[in-house]
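Notes to accompany the following structure.
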Amino acid sequence: MNIVHKPLDRTLARRQRGFTLVELLLVLVILALIAGLVLPSIIGQAEGAKAKSASSQISRLSMAVETYYLDTGNTPERLDDLVSNSGDAAGWNGPYVKQTLLKDPWGRDYQYESPGQHGEFDIYSFGADGQAGGEGTDADVTSWE
């Protein structure tokens, strides 16, 4: 008694074949469309986060300069003086910040002027484009605004 199940064997074979090339291409196209819609907004938010981070770092650097001033009676000549007492300032009680804080989120050194044009000292970053001025994420991030 030998029973043949040919129609059943064909449906099992179809199920085990996997995806067709058209199905795979359709999935890839859908993923590409989703990435095209989502990635620009994520990138824009990342640059905005860098600008906020720069503002926060400038605030920390400003507090470190003020603490340096309270300890030594003078503002530092350059921001590196907050990390090490290279100028042999009397009363230096640092380091006031870590060396890594002296670079902005875009990897460039913060600009520092003492005396500043807007106060006792000015600390600023040129933003994403690295040039003075600009708008949006390219705008300067400053200690006086």
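Values as computed for the structure displayed
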| quantity | calculated |
| --- | --- |
| Qualifying position, being of a type outside the set (Val, Ile, Thr) and either exposed (fewer than 14 other Cβ atoms within 10 Å of the Cβ) or more than 17 Å from ALA64 (Cα to Cα) (or both), among GLN131, GLN111 | GLN131 |
| The stretch 41-69, residues that are of a type in the set (Val, Ile, Thr) and surrounded by fewer than 17 Cβ atoms within 10 Å (Cβ to Cβ) | ILE42, ILE43, THR67 |
| From the options THR20, THR72, residue that is of a type in the set (Val, Ile, Thr), over 21 Å from TRP144 (Cα atoms) and surrounded by 11 or more Cβ atoms within 10 Å (Cβ to Cβ) | THR72 |
| Residue in the stretch 85-98 that is out of contact with any Lys or Arg (no Cβ under 8 Å at 6 or more places or on another chain), surrounded by 12 or more Cβ atoms within 10 Å (Cβ to Cβ), among the small types (Gly, Ala, Ser) and part of a helix (DSSP H, G or I) present | no |
| Number of the condition not met by THR67 [criteria: (1) free of Cβ contacts under 8 Å to residues at least 60 places away in the same chain; (2) more than 14 Å from GLU120 (Cα to Cα); (3) among the polar types (S, T, N, Q); (4) in a helix (DSSP H, G or I)] | (2) |
| Hits in the stretch 70-83 - residues which are of a type in the set (A, V, I, L, M), part of a helix (DSSP H, G or I) and either farther than 27 Å from GLY136 by Cβ or out of contact with any helix residue (DSSP H, G or I) (no Cβ under 8 Å at 6 or more places or on another chain) (or both) | LEU70, LEU82 |
| SER56 of a type in the set (Ser, Thr, Tyr) and under 30 Å from ASN85 (Cβ atoms) | yes |
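No lab work stands behind these numbers, since they all come straight from the coordinates. Worth saying up front: this structure is predicted, and the values here are computed from it rather than measured. So basically every Cβ, Gly included, is an ideal-geometry build from the backbone, and we count neighbours across all protein chains shown.
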